[in-house]
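Working notes for the structure below.
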Amino acid sequence: MIKILFVCLGNICRSPMAEFVFKDMVKKRGLSDLFVISSAATSSEETGNPVHPGTRKKLRQYNISVDGKRAVRLTEKDYQKYDYIIGMEQANIRNMIRIMGEDRDKKVYKLLDFSDNPRDIADPWYTGNFDKTYEDIYEGCEGLLEYILREK
Ligand code: 4NP
């Protein structure tokens, strides 16, 4: 099993989008059984809340449902639980290390580190641009899956 945790600030916009896009991607390739995929927040601001309507609406265009997902906060224990712990932007990475401690086993990445053009994913909570978020997240998820399948 390859265990992946996507992380952002609130766990209502970007990281659940990445979680469900990646789940859909591996499902379409018949690889779901190989993976455990989840998402979490660095802040407790949105804990217990459902996915943001902007993310829901965007994923609905691709027939991807996020029903049942509620925001949860990242914990120190997640470091042992997952193989890849993937933030959306540099500020996430700093906060993830603050919560989990030093990245001793090199499990912490930024999603677009897996693209040909490494960069941060802007927060649609502030930009309102969920189309751009989706494009960036799709690009990162494709790169991540290719990387994992090469590594296997
Ligand atoms: P996310 O977006 O990190 O992509 O889930 C945000 C959601 C909520 C807040 C900030 C960003 N907030 O400040 O509550």
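The values are calculated or read from the model by the stated rules, or taken from the named source; none is laboratory data. Note that the structure is predicted; figures quoted are calculated from it, not measured. Counting neighbours? That spans all protein chains shown, and the Cβs are built from the backbone with ideal geometry, glycine included. Side chains are part of the model used for accessible areas, which takes the heavy atoms of the whole protein and leaves out ligands, DNA and RNA. Shrake-Rupley method; radii C 1.70, N 1.55, O 1.52, S 1.80 Å.
I'd like to verify something in the chain: which complete DSSP H helices, judged by Cα projection on the helix axis, reach 20 Å or more and average at least -0.5 on the Kyte-Doolittle scale?
Membrane-span-like by this rule: 14-28.
Which entries of Lys23/Lys107; Lys132/Lys152; Lys77/Lys132; Lys58/Lys152; Lys58/Lys81 have Cα-Cα distances beyond 21 Å here?
From the list (Lys23/Lys107; Lys132/Lys152; Lys77/Lys132; Lys58/Lys152; Lys58/Lys81), the Cα-Cα distance tops 21 Å for Lys132/Lys152; Lys77/Lys132; Lys58/Lys152; Lys58/Lys81.
What is the spin-label model distance, in nm, from Asp131 to Ser32 if the labels are put 7 Å beyond Cα along the C-beta direction?
Output for this residue pair reads 3.1 nm.
Rolling a 1.4 angstrom probe over the protein heavy atoms, how many square angstrom per residue are accessible across the range 1-142?
Averaged over the residues of the range 1-142, the accessible area is 51 Å².
Local charge sum around Asp116 (other residues, Cβ-Cβ under 13 Å, Lys/Arg +1, Asp/Glu -1)?
That sum, taken over residues with Cβ under 13 Å, equals -4.
Which values, in whole Å and largest first, are the semi-axes of the equivalent ellipsoid of the chain obtained as the square root of 5 times each eigenvalue of the Cα gyration tensor?
Each semi-axis is √(5λ); the values are 20, 19, 15 Å.
What does the net charge come to around Glu89 if you take all other residues with beta carbon closer than 15 Å to its beta carbon, with K and R at +1 and D and E at -1?
Overall, the nearby charge balance is +1.
Given the chain, what percent of its DSSP beta bridges are antiparallel, to the nearest 5?
Antiparallel bridges: around 5 percent, rounded to the nearest 5.
How large, in percent, is the carbon and sulfur part of the accessible surface of the range 65-124 at a probe radius of 1.4 Å?
Roughly 44 percent of what the probe reaches on the range 65-124 is carbon or sulfur.
What does the charge count around Leu9 come to, taking other residues whose C-beta lies under 10 Å from its C-beta (Lys +1, Arg +1, Asp -1, Glu -1)?
-3
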